[in-house]
1. For region 130-210, what are Rg and Dmax over the alpha carbons, in angstrom?
2. Test of understanding: in a Gaussian network model of the chain with alpha carbons linked when under 10 Å, which of 135, 199, 148 would top the mean-square fluctuation ranking?
3. Calculate how steeply helix 35-46 sits against the longest principal axis of the alpha-carbon atoms of the chain, using the helix alpha-carbon long axis, and give the answer as 0 to 90 degrees to the nearest 10.
4. For the chain, what does the helix formula give at 222 nm: sum of -39500 (n - 2.57) over DSSP H segments with n ≥ 4, over the residue count, nearest 500 deg cm²/dmol?
5. Taking springs between alpha-carbon atoms closer than 10 angstrom, which of 101, 144, 50 fluctuates most in the Gaussian network model of the chain?
6. Of all chymotrypsin sites (Phe, Trp or Tyr not before Pro) in region 158-223, which ones are in loop regions per DSSP and have a Cβ with at most 16 other Cβ atoms within 10 Å?
7. Provide, as a two-decimal number, the C-alpha radius of gyration of region 44-140 over 2.2 N^0.38 Å, N being how many residues it has.
8. Give me the percent of Cα-Cα pairs in the chain that sit more than 31 Å apart, rounded to a whole number.
Amino acid sequence: MPPILVRVLLLGIVGSALLSACSSGPDFVARREPWRAAEERACLASGMVHETAFVRTRASLGGPSACGAEQPFEMAAAYGGRVRLKPPALLRCPMIPQVDHWVREVIEPAARDVYGVPLAEITVIGSYACRPINNVSGGYLSEHGHANALDVSAFTLADGTRIAVKSGWRGDRRQRRFLKTVHDGACAEFTTVLGPDYNGYHHDHFHVDLARRGPHGMRTVCK
Ligand SMILES: [Zn+2]
């Protein structure tokens, strides 16, 4: 199959359209967003994220396309290595402390509170991907395209208990309580949190990201 031309519409100062062949995959529309690079550089300069045995630097992503990150990280575990991310997530700098905080302050305490067992593993079904929102051709570039989003589908406790979003969101009382706490707690850590109540695309996972919306970039979505 011949490579598909990816159309990148740069909406910004000049509002001009630019045709650019980058990789195969569905078409997307990318906004011109100078805050992204500035925010990433500020995060890197802050020293907030540094390389550990579980958080490793990776080569820049995206190349000449609208996708990517300058200095992404591969996050294989959170909470000082106590909780694995499987498979490891490829994320830009600002996402790392937020994911870590979500695990430490929300998910791990929820596991102990609801099940009396520590959290061991989080199942990751998406992080960096150069694609439109919901994979719908012609849509806006997803936050996943900027390594600014994470999709998680299940949580495994130290005793092997597995709580999946797909079966647990409307599952037994403990599953519902645990997942609701994890979902709602994410809303304090990220600017976007989407779960099964949002739409059919999210029936089996929680999507969290750090998109900026509104005039000051502060508008949040928690659904
Ligand atoms: Zn997602």
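1. 13.5, 44
2. Checking each option, the largest mean-square fluctuation is seen for 199.
3. 50 degrees
4. The helix-only estimate for the chain comes to -6000 deg cm²/dmol at 222 nm.
5. 50
6. Sites meeting the loop and neighbour criteria: 198.
7. Values: Rg = 15.1 Å, N = 97, 2.2 N^0.38 = 12.5 Å.
This ratio for region 44-140 stands at 1.21.
8. 22 percent
Read-outs: derived from the displayed coordinates by stated rules, not from any lab. What you see is a predicted model; the values in this text were computed from it and never measured. In this analysis, Cβ positions are derived from the backbone assuming ideal geometry, glycine residues included, and neighbour counts consider all displayed protein chains.
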